[in-house]
1. Once you sort the root eigenvalues of the Cα gyration tensor of the range A:128-190 as a ≥ b ≥ c, which label holds: rounded (a/c under 1.5), prolate (a/b larger than b/c) or oblate (the other case)?
2. Among A:91-99, B:103-111, what's the highest-first ranking by average C-beta atoms within 10 angstrom per residue?
3. List residues of the range B:108-123, by number, whose backbone nitrogen lies under 17 Å from a label position 7 Å along Cα→C-beta of residue B:178.
4. Using a Förster radius of 30 Å, what is the FRET efficiency between residue A:208 and residue A:252 based on their Cβ-Cβ separation? Nearest 0.05, please.
5. Determine, for B:256, B:87, the number of other Cβ atoms within 10 Å of each Cβ, and report the residues in order from fewest to most.
6. Counting only helical runs of four or more DSSP H residues, what would the 222 nm mean residue ellipticity of chain A come to if each run contributes -39,500 (n - 2.57) and the total is spread over all its residues?
7. Please find the FRET efficiency linking residue B:123 to residue A:54, where r is the Cβ-Cβ separation and R0 is fixed at 51 Å, and quote it to the nearest 0.05.
8. What is the extension gain from residue B:196 to residue B:235, computed as 0.36 nm multiplied by their sequence separation minus the C-alpha to C-alpha distance, in nm to one decimal?
DNA sequence: GAGTGGTCTAGACCACTCC
DNA sequence: GAGTGGTCTAGACCACTCA
């Protein structure tokens, strides 16, 4: 056994053709798992590339490629000279990553909007909500209704549904008192970080009640934005239905 | 002078702090320039990484990083075992990259829509169009008006403005006879490849004429999609105003 | 089997941040 | 100055495509 020159110090690391997964993708999976299990929390510094390479028994370049992809996906944030951090919604940089509504006049500088919470209650999942969140109809959900206003004028009305037990402690008072984005609150106090979201956009005519909330005539065209947000591990963690008054704002998007 | 050991065979390649640009980004710029100048046309195979590395006098790894970024941006397309190709709109893969409208019933498989061209004429840029395209008001533009239909029902009405002389030869007949995406036609016959686009979305109430075209009641909420498309070198190359009937379709978007 | 992109490694050095 | 991520290189080997 001791006569071999390089027996298995450098294992080929790859198997046959089908379902072949490169090393860096496996490392990526391990890092994701650590994020999901909470080994490193949002905002925290993760180990350096050198440390991770040692820990996983691979070269720094392989770790680097894994971290690169996670940074592109928005789960990690690299900062030269400082280290790699777990992404968080507590950051100026990312404040408007999920709200794509910008003013027609000045699309470059998004203003922070005033929030007015109308309701926060426990209720049962309707069929729509249940299907979106992947739970059973009638299961417990937390529902929030709120307005976003700019210069005193309501611009967005939203109904937000959060699944199950995790958000049972959420109250209207806490929502009112919290400074910072909703997703930052969810992250800090309810151990739920929203990682990505899918949106469906439609134009609808305002019903009487919606019209009143947004102070527009009934029948006014509104942008309906249905959002399904996912936490770590592709777990559906929020279903949101927003009505945007787009008379002086628009939803911006980039295609490439 | 001849006594130095390694005078400038391997130049440090980097200067002082401010405005430092790594080698691979410079290579990226050179490749972009070749694309813009038409050295490699859409759909064509570009030289192998080894060849490019030789040509630019850098290592293959550096070329690789440049090509990687261009592939992410959608300008190049890598295919293992075959080579790297210039992206083109002539491809099944990319057919629906720019049209984000999908059916409510079956969002996974987008159906090709029937196209009906209403008009294709030379006209003068209005103030809006001129500002969008970065030209002077009153300059010549080509305007297309068309409908997209699904199962005989109009779903999208679009007005498309194309700048200047490049599209002077475009006719309604050519539009009618061409099989394939509009952007593929522009690419093949008008030397204009759309690389990326910015969209502004709004909900509007249908005016009488629009309502008639889309066969909906006047006042019906429609999704207004303003799109500004850019060709190589961030050149504004198309301004498009689309009205989508979103009663049975929605605009899908992904946030991350 | 030749050629391509894809992975993995090891090592050197640079830019940046913080102490 | 120490530690981090960022760049660049050189070389080996793998997966894939095509002739």
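Taken together, the values in this text are just the output of simple stated rules run on the coordinates, not laboratory data. Note that the structure is a prediction, hence the values are computed from the model and not measured. Note that each Cβ is placed from the backbone with ideal geometry, even for glycine, and that neighbours are counted across all protein chains shown.
1. On the way: a/c = 2.56, a/b = 1.46, b/c = 1.75.
Oblate is the answer for the range A:128-190, as a/c is 1.5 or above yet b/c matches or exceeds a/b.
2. Working: A:91-99: 14.7, B:103-111: 10.8.
Sorting A:91-99, B:103-111 by mean packing, highest first, produces A:91-99, B:103-111.
3. Taking a point 7 Å out along Cα→Cβ of residue B:178, the residues of the range B:108-123 whose backbone N falls under 17 Å are B:113-123.
4. Numbers: r = 30 Å, r/R0 = 0.99.
Once rounded, the FRET efficiency stands at 0.50.
5. Numbers: B:256 13, B:87 22.
Ordered from fewest to most neighbouring Cβ atoms within 10 Å, B:256, B:87 come out as B:256, B:87.
6. -7500 deg cm²/dmol
7. Numbers: r = 66 Å, r/R0 = 1.30.
FRET efficiency, residue B:123 to residue A:54: 0.15.
8. Working: separation 39, 0.36 × 39 = 14.04 nm, distance 1.01 nm.
Extra length available between residue B:196 and residue B:235 comes to 13.0 nm.
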